[in-house]
Amino acid sequence: MTLAIETYRLALAKSPLSTNTRRAYESRVAGYLAWLATAGVDGDPLTYPSARDWSVRDSRVN
């Protein structure tokens, strides 16, 4: 997951968003990836759309 957050940070740095918005987005994504690392999800949510949809839903419930 470290590669995923680093890739996200690089893309976010190039975006036309404010510093506070970038910080908030990064925090939310880091929290989701931390949850994902310990969750028992079916499939790879970073690759498969259906696995993504279910894992996002499950992360909001927990």
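The values are calculated or read from the model by the stated rules, or taken from the named source; none is laboratory data. The structure presented is a predicted model; accordingly, all values stated were derived computationally and were not measured. Positions of Cβ are generated from backbone atoms using ideal geometry, with glycine treated the same way; all protein chains shown enter the neighbour counts.
Computed values, structure above
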item: Filter result for the condition that a residue is touching a Lys or Arg at 6+ places or on another chain (Cβ under 8 Å) and not in a helix (DSSP H, G or I), over Pro16, Pro45; result: Pro45
item: Lone qualifier among Ala30, Ala34 - being surrounded by 10 or more Cβ atoms within 10 Å (Cβ to Cβ), touching a helix residue (DSSP H, G or I) at 6+ places or on another chain (Cβ under 8 Å) and assigned to a helix (DSSP H, G or I); result: Ala30
item: Members of segment 37-50 that are farther than 19 Å from Leu3 by Cα, surrounded by 10 or more Cβ atoms within 10 Å (Cβ to Cβ) and either modelled with pLDDT of 85 or more or touching a His at 6+ places or on another chain (Cβ under 8 Å) (or both); result: Ser50
item: Flag if Ala4 is at pLDDT 85 or above and not hydroxyl-bearing (Ser, Thr, Tyr); result: yes
